[in-house]
1. Assuming 0.36 nm per residue, please report the length gained on full extension of the stretch Ile187 to Asn52 beyond their Cα-Cα distance.
2. Can you compute 3J(HN,Hα) from phi for each residue in region 198-208, using the Karplus curve 6.51 cos²θ - 1.76 cosθ + 1.60 with θ = phi - 60°, rounded to whole Hz and x for Gly and Pro?
3. Sorting Arg37, Arg80 by accessible area (1.4 Å probe), largest first, what list results?
4. Which order do you get for Lys50, Lys43, Lys197, Lys99 if you rank them by accessible area with a 1.4 Å probe, largest at the top?
5. Among the listed pairs Lys186/Lys209; Lys155/Lys181; Lys155/Lys208; Lys89/Lys141; Lys56/Lys181, give every one whose C-alpha distance is greater than 19 Å.
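The values are calculated or read from the model by the stated rules, or taken from the named source; none is laboratory data. Note that the structure is a prediction, hence the values are computed from the model and not measured. In case anyone asks, the SASA skips ligands and DNA or RNA and just uses the protein heavy atoms, side chains included. Shrake-Rupley method; radii C 1.70, N 1.55, O 1.52, S 1.80 Å.
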Amino acid sequence: MANIKLKRKQKKDKSNKWLERHLNDYFFIQAKKKGLRSRSSFKLMQINQKFNFFFKGASVLDLGAAPGGWSQISKKLVGRKGKVLGIDKISIEPINDIKFLKIDINDLDLQVKEFFNHKVDILLSDMAPNTSGHKLTDHLKIIDLVETAINCSNKFLKTDGFFVCKIFQGGAQGKLLELMKTSLKKIKYIKPLASRKESSEVYLFGIKK
């Protein structure tokens, strides 16, 4: 019984430390101040500062868009004439002039064609799997999401369009890297300042062949 209580206390302490770190996180605080949906908004801004790929009037497809932070920044960067479509399996609170769809990515074809009437200029993916704690299983889930994003770029992204995708260190290897190279050119990697140091996430930037 004592061991159970101790484990519960340790779990609670760990949870409290995470919450304290989260609430005191600089980018979390700044996101709240600026009315942004999430701290990850700063990641996209920093990626764009590095590669300068957004432009006025661009069309943007945002995969795994919840809670809407990347779509929100995208709309600001593409301006009034630009179009942004955010996709996720869960509902997203509306944002003016942005279209959100609760839909499985594999069922996108018709919706993308109806909304844009052409292939998109920018395809974004900040998708991440629900982790199980089992290293190999989680790794395979991550690879599967990256492959899904690349397949979407083959269907929906214009030639010379821009592709940004979350990956994890050690994830872009072997067959996955070869798949990227068949679809993308000028592949670069970046770990934005807004990504936590302890996180293994990095972002891939590429241009559609």
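1. Working it through step by step, the gained length comes to 47.2 nm.
2. Each residue's phi maps through the Karplus curve to give 7, 7, 8, 5, 9, 10, 9, 10, x, 10, 5 Hz.
3. My answer, sorted largest first, is Arg80, Arg37.
4. Lys197, Lys50, Lys99, Lys43
5. With Cα atoms farther than 19 Å apart: Lys56/Lys181.
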